[in-house]
Amino acid sequence: MHKTSTLSLFIVICSFLVLFTAPTLAQNSIPAKIKKANLYAGIDVGSKGVKLSIIELKKNAAATGVFTAIKDSSVNTDFISFTPATFSATLKGLIGVYNLALKNYEINSSKIFVVVSSGVKGQAEKENKNSWIKNLADSFRLIINEPGKAVSVIDGMEEARLSHLGIVPKERRYNTFLIDIGSGNTKGGYFKNGNTKTLKLFLLTWGTKTISNATEKRVENDKSIPNYNKQMNRVLAGEPDEEIVYAVNESGAYNMNDNFAFSGGIAWAVATLLYPELIENSVVPFSYDELVKFSERLMNNYQSLSAENIVGTIKGNTEIKETITSEVQRVHKVFDQKSLMAGIGLLIKIVRQFEGTMEKKNFYLVKNGQVGWISAYVNQSVNP
Amino acid sequence: MRKNNYDSLLYISIFILVLSSVMLAIAGYQLYFKSNSNSNKTIIISSSGDNRSVRDSLQHVYNSTLKKMDDNVQLAGVSLENNTAQTMLAEMDRLKQEIAALLKDQRPDADLSIAKEKIDLLQQKLEILQDRYTNINTENKRLQQLINQLMASDKNAGTVSSIKAEKEKNSADKNVPARAAGMHLYATMLNNAAEEETSTSENAEKIVGSFYIKNIQDAKAEILVVVLQPDGKVVSNSAWETGTFNTAEGKKIYSRKIYVEEPGDEKPLNFSLTPDRFLKGDYTLQVWYNGTLIGKTTRKLS
C-alpha cells in the first residue's frame, strides 16, 4: 500500500514538472544562443513615440562597443504635442516597454536605461514645456516605485556622437562619416581629431519629407511619375544642391574619411529593396552606380519592387523569404513610390559629392540607425 | 476505501504523465524539425552496417561526373598541350582510379566517406577546368567568325593570315584566365596564446585562409572570398565586410573583399573569419573574380 502511494506521488511530481517546463521552454522570448547576463534595455522617449531596444553587449563590448540589437519595438505617442492625451499615452507607453524589458526579457531594472531624446528636448525648450519632461519622469518613477531611477535628457550633438559610437565599429571609427537622412533634416558627422569627445557636425535643412513636400508643390495638376521626377530634379538642383555642396566642402569629410555610412528611413528602405539577400545584416555596402540604376528601376518598373517580385528572385531558404516579405511590405507601408523617389533623389545627391574618380570611397546603408545612439548610451553607462 | 483512493490517485497520475509525454514529444518534434529545416541534404555515409544504398548513390554521382568530364575534355581539347591542363587531367585520372577502386570494395563495413571526399575533389577540379576553357572556346568562336568574314572579302584576302596570327597571339595572352592557386583553408584554436590548427569544430575559434591569384590582368582587381559553412550559409566577420555580387548563377553573398593592387601580382592573399559558432562538416572556400569562380577548396571539421 505504502509502495503504491509513494509511486503515485513520484509520478504526480514528475508529471507536473514536465507539464509546466515544456511550455515554458517553448515560450521563452530570448533566443537560445543569447546569454541573459549580457542583455540590456534602452528606452528612448522620442518626439514621435517611445522606443525600446533590447541589446546584447558581448564580452568584448568594453573594448569594441560591439552590440547586437535583439529587439526593437516602439509605441507611437506624439509626446511633443504636449497635450494631456499625448502625455498620458507616452507615460503608458513608457511603463509598457519598461515592463516588457523587466518581465519578458528578465532584465534587471539597473540594466534598463531611460533617455529622453534631443528632439523632445529641443521642442520642449522652444515651447517652454520643460516641466512636461520632468513630470513624465516623476510619474514614471512613481509608478514603477523607484524614486531614484535615472531618466536622462540628451542634446542633438550628444545624440549624433552616440549614434556614431553605436553604429560604426571601432576599427572604422576615425575614417567613417555617418550621415542620418531624416524626414525633416539630414545630420551627421565624423570624429575629426582622433578622439570621440567631439564630433565634426554636418547638417542640412533638407530631409526626405521636405524634398517630397517641395516637389509636391511644383507638380500642380500633372500627378504622373515622369512629371514628379522632373519636378523633383528641379527641386534638388536648386537650394538643396547649393546647401549640400557647401556643407560637404565645409565638413572636410571627403579627405578625412574612407567610409560613408547613411542611416535613416530611406537608407533602411533602399537596403531592404536593393539587397534583400542581406536582410539579416544591419549594414550593407552599395555603390553610386547601383543606387542610380535602382532609382531608374524605381521610376520605370516600380512593380518589380513588390514583395512578391523581390522574393521571387531569392533562391532557397524559406525562412529568409518570410523575413524579406514582411520587411519589404513594411517599407511599402512607410514609403510610397514618390516618397521613395524623393528620398533616393536626396541620397544620390549627397553620395555624388563623395563619389571620387581618383580615390574610391566605400558607401554603406545602415538599417538599424535608430538603435545606434541608445545602444551607445547603454554601452557608455555600463562601460564608462 | 483507502485503497480506492490510492488507485484513483494512481490513475490520475498516469493520465497526467501520458499527457505530459505527448506535449514533450510535440515540443521535441517541433524543436528537431525547426533546427533541421535549413540544413542541406547530403549523402549520409553510414559508419556501420549494410552501406549498399550509399555505394549506389555514390556510384551514380561518380557516373554523372565522368559523363561531365568526357564532355569537358572534348571542349578543352584545343589546348591540351597546356602544361597546367595536362597536370590537372593527370590528377583527375588518378582520382578516377582511386574512386573506382573504393567503390569496388563490396564489404558491408567499407568506409565510403573517402570515396565521397574524392568525388567532391574530382568535381571541384572539373569545375575549374570547365571555367578555364569556356572563355577560350568563346574567344575562338569569335575569332573564327572574324576570319570567315574577312575571307569572304577578296580584297582583304591577303591580310587574313596576318590578322589571324595576331588575334591568336592576343587571345593566348589575354585569355589565360585568372585563377586562384595555393589555396589553404583551416580552422585555428588558441593554445597558450599561440594559434594552432585544429580539425574539430568544438575547439575551433577562427577560420584562416590564403591563396594567390595567377594571370590577373587588372590593377586593383576585386577578388571576392566566399566561405560557406556546412549548412550552406556564408561565414562573415561583420556586416561591414560582407556584400553581394553578380554571377551567371545570380546574386551571391561574399565573406570578404580583397584587392590585388598590380596586374600579375602573385603575392599571397590572407584572410581570417571568426564566426559565432562552428559546425561539423565541410567548410568551403570559393574565390570569385569578375563574376567567375576561379578557385575552390574544402576543409572538414569533425
- Query: What residues qualify as long-range amide H neighbours of residue A:114, i.e. H under 5 Å apart, gap of 5 or more or another chain, H built at 1.01 Å from N?
  - Reply: A:43, A:152
- Would you look at the GNM of chain A, springs on alpha carbons closer than 10 Å, and say which of A:205, A:90, A:186 moves the most? A:205
- Task: Could you work out, residue by residue across A:283-294, how many beta carbons of other chains sit within 10 Å of that residue's beta carbon, and then give the average as an integer?
- Result: 2
- Name the residues of region B:259-281 whose amide N is less than 13 Å from a point 7 angstrom out from the Cα of residue B:231 along the C-beta direction? B:276-281
- On the first, second and third principal axes, largest extent first, how far apart are the outermost C-alpha atoms of chain A in Å? 93, 53, 46
- Message: Can you order the peptides B:103-109, A:302-308 by their average number of other Cβ atoms within 10 Å per residue, highest first?
- Response: A:302-308, B:103-109
- Calculate the translational D of region A:219-372 in whole µm² s⁻¹ from Stokes-Einstein, where the hydrodynamic radius comes from the Kirkwood formula applied to all Cα pairs, the temperature is 37 °C and the viscosity 0.692 mPa s. 198
- Could you calculate the contour length gain from residue A:38 to residue A:219, that is, 0.36 nm times the residue separation minus the distance between their Cα atoms, to one decimal place in nm? 59.9 nm
- Task: Compute the long axis of helix A:2-27 from its Cα atoms, compare it with the longest principal axis of the Cα atoms of chain A, and write down the angle in degrees, 0 to 90, nearest 10.
- Result: 10
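How big is the Cα convex hull of region A:204-265 in projection, averaged over all directions, in nm²?
Projected over every direction and averaged, the Cα hull of region A:204-265 covers 5.1 nm².
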- Using 0.36 nm per residue of separation minus the Cα-Cα distance, give me the extension gain between residue B:266 and residue B:143 in nm, one decimal. 41.3 nm
- Query: Cross-link list B:118/B:296; A:187/A:349; A:92/A:134; A:51/A:187: which exceed 18 angstrom alpha carbon to alpha carbon?
  - Reply: A:51/A:187
- Query: Hey, in the GNM for chain A with a 10 angstrom Cα cutoff, which one of A:271, A:37, A:137 fluctuates hardest?
  - Reply: A:37
- Taking 0.36 nm per residue of separation between residue A:234 and residue A:108 and subtracting their Cα-Cα distance, the length gained on full extension comes to 40.0 nm
- Message: Over chain A, with a Gaussian network built from C-alpha contacts below 10 Å, which listed residue (A:189, A:343, A:96) shows the highest mean-square fluctuation?
- Response: A:96
- Query: If you average 1/r over all unlike Cα pairs in region A:104-184 and invert the result, what Kirkwood radius do you get in angstrom?
  - Reply: 15.2
- Amide H contacts under 5 Å for residue A:262, restricted to residues at least 5 apart in sequence or on another chain and with H modeled in the peptide plane, are A:179, A:364, A:365, A:366
- Message: Spelling out what I want: for every residue of region A:203-208, take phi, set θ = phi - 60°, compute 6.51 cos²θ - 1.76 cosθ + 1.60 (Karplus), and round to whole Hz; glycine and proline get x.
- Response: 9, 10, 8, 10, x, 4
- Say R0 is 45 Å: what FRET efficiency, to the nearest 0.05, do residue A:99 and residue A:311 get from their beta-carbon distance? 0.80
- Note on the structure: Counting only DSSP beta bridges with both partners in chain A, the antiparallel fraction in percent, to the nearest 5, comes to 65
- Message: Testing the spin-label approximation: label points 7 Å from Cα along Cα→Cβ at residue A:193 and residue B:199. State their distance in nm.
- Response: 5.7
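If the limit is 32 Å between Cα atoms, which of A:111/A:333; B:252/B:300; A:48/A:361 go over it?
A:111/A:333; A:48/A:361
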- Task: Taking amide H positions as placed in the peptide plane 1.01 Å from N, state which residues far from residue B:206 in sequence (5 or more) or on other chains have amide H under 5 Å from it.
- Result: B:188
- Item | FRET efficiency estimate (nearest 0.05) - Cβ-Cβ, residue B:63 to residue A:319, R0 35 angstrom | 0.50
- Phi-based couplings in Hz for region A:325-333 (Karplus 6.51, -1.76, 1.60; Gly and Pro marked x): 4, 5, 6, 5, 5, 5, 4, 5, 6
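Nothing charged except the Cβ atoms of Lys and Arg (+1) and of Asp and Glu (-1): what's the magnitude of the dipole of chain A about its Cα centre? Round to the nearest 20 debye.
900
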- Message: If you take each beta carbon of peptide A:272-282 and count the beta carbons of other chains within 10 angstrom, what is the mean?
- Response: 3
- Using θ = phi - 60° and the Karplus form 6.51 cos²θ - 1.76 cosθ + 1.60, what ³J(HN,Hα) does each residue of region B:270-284 get, whole Hz, x for Gly and Pro? 10, 8, 9, 9, 10, x, 5, 9, 10, 10, 7, x, 8, 9, 10
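Laboratory data are not the source of any read-out in this text; all were calculated from the coordinates shown. Predicted model only: the values in this text are computed from it and were never measured. Reconstructed Cβ throughout: ideal geometry from the backbone, glycine too, with neighbour counts over all protein chains shown.
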